[in-house]
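The values are calculated or read from the model by the stated rules, or taken from the named source; none is laboratory data. Values in this document were obtained by computation on a predicted structure and should not be read as measured data. Cβ coordinates were reconstructed from backbone atoms using ideal geometry, including for glycine residues, and neighbour counts include every protein chain displayed. For the accessible areas, the whole protein counts, side chains as well, though only heavy atoms, and no ligand, DNA or RNA atoms are used. Shrake-Rupley method; radii C 1.70, N 1.55, O 1.52, S 1.80 Å.
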Amino acid sequence: MQARLLALAALLLGTAPALTIAGSVVGAVPGETRVSGWAVTPSGQPVEELVSVPVTGSTFRLEIPTAPPTFRAQTALNPQNVAWPGVLDPVTASGQPQTAELKFFTYRDLNRSGQRDANEPLREVSLDTGRGTLFVVWVSSDVTVRASRGYAVNLGRGWNAFEVEVGRAVRIAPFAAGVARVTLELSR
């Protein structure tokens with residue numbers, strides 16, 4: 001009963017339950033390593049750090065914020081500029097909402113400030129879901145995006161998380177609200 005009330009409250013407030021990404025790290029983890037999620041430009045350049053946590057004992061736990069990214073981290077969904085995993089031309093979208101892709105990076109927090117500083121290089125990483133990679137995107141309103149090789153995804157307003165497997169066809173499976181388990185491989 002209480003779970004139903006929480007779900008109803010989330011629907012009425014227009015926010016989805018938070019997504020937690022629980023991960024394990026394979027490989028040597030340098031001291032002060034943090035895993036972070038950044039809103040990026042359509043070309044993949046980091047704009048805004050939205051979440052960051054230290055790697056502790058070869059594990060991490062990211063809580064993706066339910067709030068939208070700042071306006072400077074948002075761009076209009078333009079089918080010509082969609083460079084998401086598994087997307088190949090031609091691309092169509094049912095609308096042009098504001099969007100923000102979340103990419104994952106590691107960095108060494110050398111001064112232990114809890115956030116990235118200019119002298120701490122970012123390293124882009126993929127979060128492995130076992131069958132594919134984790135893809136996270138925020139949209140300001142519901143939209144459907146389609147591309148070649150069977151790519152089709154329905155995005156609901158707010159943050160959306162998917163497992164994307166690229167092969168002869170593209171397979172996309174949504175991650176339900178709750179905990180997504182991933183593996184991050186650090187190699188030298």
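Kindly list the number of the only condition in (1) open to solvent by 30 Å² or more (accessible area, probe 1.4 Å); (2) small (Gly, Ala, Ser); (3) closer than 28 Å to Glu185 by Cβ that fails for Ala73.
Exception for Ala73: condition (1).
Applying the selection to the stretch 123-174, what residues are within 26 Å of Gly23 (Cα to Cα), open to solvent by 50 Å² or more (accessible area, probe 1.4 Å), touching a residue at least 60 places away in the same chain (Cβ under 8 Å) and not in a strand (DSSP E or B)?
Correct list: Arg157 only.
Would you tally the residues in the stretch 130-186 being under 13 Å from the mean Cα position of the chain (by Cα), closer than 23 Å to Ser94 by Cα and among the polar types (S, T, N, Q)?
Total satisfying the criteria: 1.
Just one of Val166, Val137 is closer than 20 Å to Ser43 by Cβ and out of contact with any strand residue (DSSP E or B) (no Cβ under 8 Å at 6 or more places or on another chain); which is it? Write out each step before concluding.
Details: Val137 fails: out of contact with any strand residue (DSSP E or B) (no Cβ under 8 Å at 6 or more places or on another chain).
Answer to the check: Val166.
Could you figure out which of (1) more than 21 Å from Leu186 (Cβ to Cβ); (2) of a type outside the set (S, T, N, Q); (3) touching a residue at least 40 places away in the same chain (Cβ under 8 Å) isn't true of Ala118?
Of (1) more than 21 Å from Leu186 (Cβ to Cβ); (2) of a type outside the set (S, T, N, Q); (3) touching a residue at least 40 places away in the same chain (Cβ under 8 Å), only one is false for Ala118: (3).
With respect to Gln96, is the statement that it is in contact with a helix residue (DSSP H, G or I) (Cβ under 9 Å, 6 or more places away or on another chain) and either surrounded by 13 or more Cβ atoms within 10 Å (Cβ to Cβ) or closer than 24 Å to Leu62 by Cα (or both) true?
On the way: in contact with a helix residue (DSSP H, G or I) (Cβ under 9 Å, 6 or more places away or on another chain): yes; either surrounded by 13 or more Cβ atoms within 10 Å (Cβ to Cβ) or closer than 24 Å to Leu62 by Cα (or both): yes.
In short, yes.
Looking at Arg61, Arg72, can you tell me which residue is outside any strand (DSSP E or B) and either without any contact (Cβ under 8 Å) to a residue 60 or more places away in the chain or charged (D, E, K, R) (or both)?
Details: Arg61 fails: outside any strand (DSSP E or B).
So the residue among Arg61, Arg72 that is outside any strand (DSSP E or B) and either without any contact (Cβ under 8 Å) to a residue 60 or more places away in the chain or charged (D, E, K, R) (or both) is Arg72.
Restricting the search to the stretch 84-93, which residues are surrounded by fewer than 13 Cβ atoms within 10 Å (Cβ to Cβ) and part of a loop (DSSP other than H, G, I, E, B)? Working first, answer last.
Let us first name the residues in the stretch 84-93 that are surrounded by fewer than 13 Cβ atoms within 10 Å (Cβ to Cβ), namely 88-90, 92.
Selection gives Leu88, Asp89, Pro90.
As an exercise: evaluate Ser187 against (1) at pLDDT 90 or above; (2) in a loop (DSSP other than H, G, I, E, B); (3) among the hydroxyl-bearing types (Ser, Thr, Tyr) and give the number of the one condition it does not meet.
It is condition (1) that Ser187 fails.
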